[in-house]
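The values are calculated or read from the model by the stated rules, or taken from the named source; none is laboratory data. These numbers come from a predicted model, not from an experiment. No Cβ is skipped: glycine too gets one built from the backbone with ideal geometry, and neighbour counts run over all protein chains shown.
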Amino acid sequence: MNRAILLLNMGGPNNLDEVKLFLHNMFNDSRIIAAPQPIRLGISKYIIANRLETSKSNYKEIGGKSPIVEYTQELVDDLSQKVDASVHMVMRYTPPFADEVMAGLVGMDEIYAIPLYPQHSSTTTLSSDDDIYKVAKKLGITDKIRTLDSYQTHPLYISSLVKRIKESLNGDNANEFELLFSAHGLPLNIVKAGDMYQSQIIETVEATKKALEKEGIMFGATHLAYQSRLGPVEWLRPYMDDTLKSFGGKKVIVYPVAFTIDNSETKHELDIEYRELAHEVGIIDYRVAAAPNNHPDFVACLADIYEGMKR
């Protein structure tokens, strides 16, 4: 039996020349902008015109590219050692794209698509599913695809979060710190339409808090806020910047709970932009924990998910 695993994620520019491609593909996605294609195209052009140079500048500050592909490749390599399948990454908005990857998998008997989004959302999980099924239909292999909705409280996933938080503590006393879970924001109208993302983020946060408490790790307090909002519409609250402004004189550990792989939102937005805000408001110790990336527990989580999907 020939099997393949596809690890699905949004992607990020592999170089500065891909920043425009990334922005165009993201904001021309019907799951992101729910408008007719001509309107989406216009919005995409507007955003590119207004954000391209700023986005390029941000990527220059973290090495001229997103780290997401390199981190994901490490995950692919490690997972490949744990499963009886070939493992591949598929990015939504930048290479490697689904059509490139899946063209080489036509001879497979089964293809397991695992999103690197533990919390289900139409803007992430369904967007990636749309993408791979569109390609699978063209290749005539739709019946070989198996997908997964979410795994927001998988014990091994939660364990990887706990261990990353402990790494960030580095032996210091947890009760001296505020633990701030930061999730990527989502327009409120999408949540009101029935998107599961917010409720599943909360499930992940609660499961992580319980796991920390079980290990005797008690933070001064825990919080949840949302980052990366864009445009004039109302997004999920509380906003990350508003929350940080209330922590003057305190120590804070930020955990990027919506991301399994570090990317520009963690390496630039959280670790550079919000670090500057933290300094401005008088936070005396500001730390950003790493995403799971290729932590052994997260690798084991994905292997366990794959084995469960086979049954």
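Can you spot a residue in the range 149-158 that is crowded, with 19+ Cβ neighbours inside 10 Å, in contact (Cβ under 8 Å) with a residue 24 or more places away in the chain and in contact with an Asp or Glu (Cβ under 7 Å, 6 or more places away or on another chain)?
yes
Select from the range 116-147 the residues that are closer than 19 Å to THR72 by Cα and of a type in the set (A, V, I, L, M) and list them in ascending order.
Those that are closer than 19 Å to THR72 by Cα and of a type in the set (A, V, I, L, M): LEU116, ILE132.
Taking the range 138-189, which residues are assigned to a loop (DSSP other than H, G, I, E, B) and either among the hydrophobic types (A, V, I, L, M, F, W, C) or at pLDDT below 95 (or both)?
If the condition is that a residue be assigned to a loop (DSSP other than H, G, I, E, B) and either among the hydrophobic types (A, V, I, L, M, F, W, C) or at pLDDT below 95 (or both), then ILE141, LEU148, LEU186 are the ones that fit.
In the range 169-177, is there at least one residue being under 22 Å from the mean Cα position of the chain (by Cα), surrounded by fewer than 16 Cβ atoms within 10 Å (Cβ to Cβ), over 25 Å from GLY194 (Cβ atoms) and of a type outside the set (Asp, Glu)?
Checking the range 169-177: not a single residue is under 22 Å from the mean Cα position of the chain (by Cα), surrounded by fewer than 16 Cβ atoms within 10 Å (Cβ to Cβ), over 25 Å from GLY194 (Cβ atoms) and of a type outside the set (Asp, Glu).
Matching residues to (1) touching a Pro at 6+ places or on another chain (Cβ under 9 Å); (2) under 30 Å from ASP271 (Cβ atoms); (3) in the same structural domain as LEU7 (by TED's automatic domain parsing):
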site	(1), (2), (3)
THR125	yes, yes, yes
SER128	yes, yes, yes
LYS134	no, no, yes
LYS137	no, no, yes
ASP143	no, no, yes
ARG146	no, no, yes
ILE165	no, yes, no
SER168	no, yes, no
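Could you count how many residues in the range 99-112 are surrounded by fewer than 23 Cβ atoms within 10 Å (Cβ to Cβ), out of contact with any His (no Cβ under 7 Å at 6 or more places or on another chain) and hydrophobic (A, V, I, L, M, F, W, C)?
Result for the range 99-112: 4.
Tally the residues that are in contact (Cβ under 8 Å) with a residue 40 or more places away in the chain and farther than 18 Å from HIS223 by Cβ, restricting the search to the range 159-179.
Here the count works out to 5.
Give the residue that is nearest to ALA113 (Cα to Cα), with candidates limited to residues of the range 1-50 that are surrounded by fewer than 19 Cβ atoms within 10 Å (Cβ to Cβ) and among the hydroxyl-bearing types (Ser, Thr, Tyr).
My answer is SER30.
Report whether or not LEU244 is closer than 28 Å to GLY63 by Cα, in contact (Cβ under 8 Å) with a residue 60 or more places away in the chain, more than 16 Å from the chain's Cα centre (by Cα) and surrounded by 14 or more Cβ atoms within 10 Å (Cβ to Cβ). Talk me through it step by step, then tell me what you get.
Details: closer than 28 Å to GLY63 by Cα: yes; in contact (Cβ under 8 Å) with a residue 60 or more places away in the chain: yes; more than 16 Å from the chain's Cα centre (by Cα): yes; surrounded by 14 or more Cβ atoms within 10 Å (Cβ to Cβ): yes.
So LEU244 passes the test.
Does at least one position in the range 72-81 carry a residue that is more than 20 Å from the chain's Cα centre (by Cα), on the phi < 0 side of the Ramachandran plot and modelled with pLDDT of 95 or more? First the steps, then the outcome.
Pass one, the range 72-81, residues more than 20 Å from the chain's Cα centre (by Cα): 80-81.
Restricting the remaining residues to those that are on the phi < 0 side of the Ramachandran plot gives 80-81.
After this cut, where a residue has to be modelled with pLDDT of 95 or more as well, the list is 80-81.
Checked the range 72-81: at least one residue is more than 20 Å from the chain's Cα centre (by Cα), on the phi < 0 side of the Ramachandran plot and modelled with pLDDT of 95 or more.
Could you check the range 62-106 and list, in sequence order, the residues that are in a helix (DSSP H, G or I), closer than 26 Å to ASN28 by Cα and of a type in the set (D, E, K, R)?
Within the range 62-106, GLU70, ASP99, GLU100 meet the criteria.
Quick one: is LEU236 within 26 Å of ILE32 (Cα to Cα) and surrounded by 15 or more Cβ atoms within 10 Å (Cβ to Cβ)? Spell out how you get there, then give the answer.
Values: within 26 Å of ILE32 (Cα to Cα): yes; surrounded by 15 or more Cβ atoms within 10 Å (Cβ to Cβ): yes.
Taking the combined requirement at face value, the residue satisfies it.
Name the one entry in SER44, SER30, SER57 that is part of a loop (DSSP other than H, G, I, E, B) and assigned by TED's automatic domain parsing to the domain that holds ILE141.
On the way: SER44 fails: part of a loop (DSSP other than H, G, I, E, B); SER57 fails: part of a loop (DSSP other than H, G, I, E, B).
Every option except SER30 fails the conditions.
Yes or no: ILE68 on the phi < 0 side of the Ramachandran plot, of a type outside the set (Lys, Arg) and out of contact with any Ser or Thr (no Cβ under 7 Å at 6 or more places or on another chain)? Explain how you work it out, then say what you get.
Working: on the phi < 0 side of the Ramachandran plot: yes; of a type outside the set (Lys, Arg): yes; out of contact with any Ser or Thr (no Cβ under 7 Å at 6 or more places or on another chain): yes.
Yes; evaluated as a whole, the condition is true for this residue.
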